1. Yes or no: region 185-193 includes at least one residue that is loosely packed, with under 15 Cβ neighbours inside 10 Å and at pLDDT 85 or above.
2. So which of 168, 127 is in a loop (DSSP other than H, G, I, E, B) and within 21 Å of residue 108 (Cα to Cα)?
3. Which ones in region 136-155 are surrounded by fewer than 19 Cβ atoms within 10 Å (Cβ to Cβ), part of a helix (DSSP H, G or I) and over 13 Å from the mean Cα position of the chain (by Cα)?
4. For region 171-187, enumerate the residues that are part of a strand (DSSP E or B) and touching a residue at least 60 places away in the same chain (Cβ under 8 Å).
5. Among the residues of region 128-135, is there at least one that is over 18 Å from the mean Cα position of the chain (by Cα) and surrounded by 18 or more Cβ atoms within 10 Å (Cβ to Cβ)?
6. Could you tell me how many of the residues in region 166-176 are surrounded by fewer than 18 Cβ atoms within 10 Å (Cβ to Cβ) and at pLDDT 90 or above?
7. Confirm whether residue 51 is surrounded by fewer than 13 Cβ atoms within 10 Å (Cβ to Cβ) and within 23 Å of residue 87 (Cβ to Cβ).
8. Filtering region 274-299 down to residues that are loosely packed, with under 10 Cβ neighbours inside 10 Å and within 30 Å of the chain's Cα centre (by Cα), which residue is modelled with the highest pLDDT?
């Protein structure tokens, strides 16, 4: 069901250990190294020499570590080596990404650059497509609805959007395929709404996964979903139910991420030194949690369950964050 395999994505990795010059920052050194790596010609062997482009996913730098030699150090303890960093760069074929998303083969090598703008309104449509890509890449969320009769380029534009995304986890599927997958589970009702597999999409879509997959889970957990040909025919009740559950879940998932990032930003200002030692500081943190969750999250919990969840979040913060610098605060993607 919606089987995909990353083994079919043509990619290259560049790795190098670099010793920084005096006064040189890791970021500046990495950007200079990355510029040199981008100058190397690279092409896909599956799509007639389509050039490989840099991908943020799997790229970056980390400090090199070595075995600790200080007296009393535990066996095999590793410590950072000052001034030495390991640089990584990942280059991928965008056409392979489109193929991985199960887009129609005729659109694997198409792009915004070759989109036909000769018809009225096509230029504005293309501009909105580019704008949508920027929104998704920047905010990790977005919703677009393409409406119109056949032949206007809706499917091609959707595939071109997938091509330009930073995140590789995309899926294209037609409404008829969703209906077929849903109704094929009617003899196995226990898997329609849940599946014991991990949420990791690397495992969930592996070719060796022989366990039955949930239609709803397959569509709701993917990072970017294109659902094509909705409404070409009248939807039956079961199709409407699945579509409603799918849209509701994906909307609420994005809202949870947005609120979590809001809470992290707010807590950075409140987790002062020794905040756990004073009643006023603890109260401010608890109030921030309650206000943020109350104003941002979908109305899915009863008042009692909402208070319980607020308490769980507060206990986690209290036990793990002595101050804003005791752990790495980062946005949720």
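1. Scanning region 185-193, I find no residue that is loosely packed, with under 15 Cβ neighbours inside 10 Å and at pLDDT 85 or above, so the answer is no.
2. On the way: 127 fails: in a loop (DSSP other than H, G, I, E, B).
From the options 168, 127, the qualifying one is 168.
3. 154
4. Scanning region 171-187 gives 171, 172, 173.
5. Checking region 128-135: at least one residue is over 18 Å from the mean Cα position of the chain (by Cα) and surrounded by 18 or more Cβ atoms within 10 Å (Cβ to Cβ).
6. Count: 1.
7. Criteria not met by residue 51.
8. 295
The values are calculated or read from the model by the stated rules, or taken from the named source; none is laboratory data. Model, not experiment: these values are computed from the prediction. Note: ideal-geometry Cβ built from the backbone for every residue, glycine included; neighbour counts use all protein chains shown.
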